[in-house]
1. Can you give me the ranges of the helices (runs of 4 or more DSSP H) entirely in the range 18-77 with at least 2 residues that are in contact with a strand residue (DSSP E or B) (Cβ under 8 Å, 6 or more places away or on another chain) and modelled with pLDDT of 95 or more?
2. Would you point out the residue of the range 64-75, among those that are in contact with a helix residue (DSSP H, G or I) (Cβ under 9 Å, 6 or more places away or on another chain) and within 18 Å of residue 99 (Cβ to Cβ), that is surrounded by the most Cβ atoms within 10 Å (Cβ to Cβ)?
3. If the Cβ limit is 7 Å and pairs must be 6+ apart or interchain, which residue in the range 44-65 that is free of Cβ contacts under 8 Å to residues at least 12 places away in the same chain pairs with which residue that is away from ligand 2 (no atom under 16 Å from the Cβ) and outside any loop (DSSP other than H, G, I, E, B)?
4. Out of 53, 27, which single residue is more than 27 Å from residue 1 (Cβ to Cβ), surrounded by 13 or more Cβ atoms within 10 Å (Cβ to Cβ) and more than 15 Å from ligand 2 (Cβ to nearest atom)?
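The values are calculated or read from the model by the stated rules, or taken from the named source; none is laboratory data. Values in this document were obtained by computation on a predicted structure and should not be read as measured data. Methodologically, a virtual Cβ is constructed for each residue, glycine included, from the backbone with ideal geometry; neighbour enumeration extends over all protein chains shown.
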Ligand SMILES: [Zn+2]
Ligand SMILES: [Zn+2]
């Protein structure tokens, strides 16, 4: 799947409010397993602060809703032409923080969506 095909697919899922299908897809399941293994299931934000926590989430540095064509890309090229990791292993707490959800339950999760739908 090319980035533009991926973008078209993810946009159509968002339009249908079925973004959960992305996370249930075989492509994503294979990719997230590979990313978690690459980071040895270690939360990268905790690691940066010298703590160890098991990562259970793969986060998109380029948020899926803003960059749907990067939803299945392990890397992206930033504005300076540098290659950056797009997919990062995080623990649940760091993942909530990075998305700005300070209080759990404040923002209701959509029904039928896995916990890491964003
Ligand atoms: Zn963490
Ligand atoms: Zn995320």
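1. Details: elements: 20-24, 26-38, 44-48.
The helices (runs of 4 or more DSSP H) meeting that bar are 26-38, 44-48.
2. Among those that are in contact with a helix residue (DSSP H, G or I) (Cβ under 9 Å, 6 or more places away or on another chain) and within 18 Å of residue 99 (Cβ to Cβ), it is 71.
3. Going by the 7 Å Cβ cut-off, the qualifying pairs are 52/42.
4. 53
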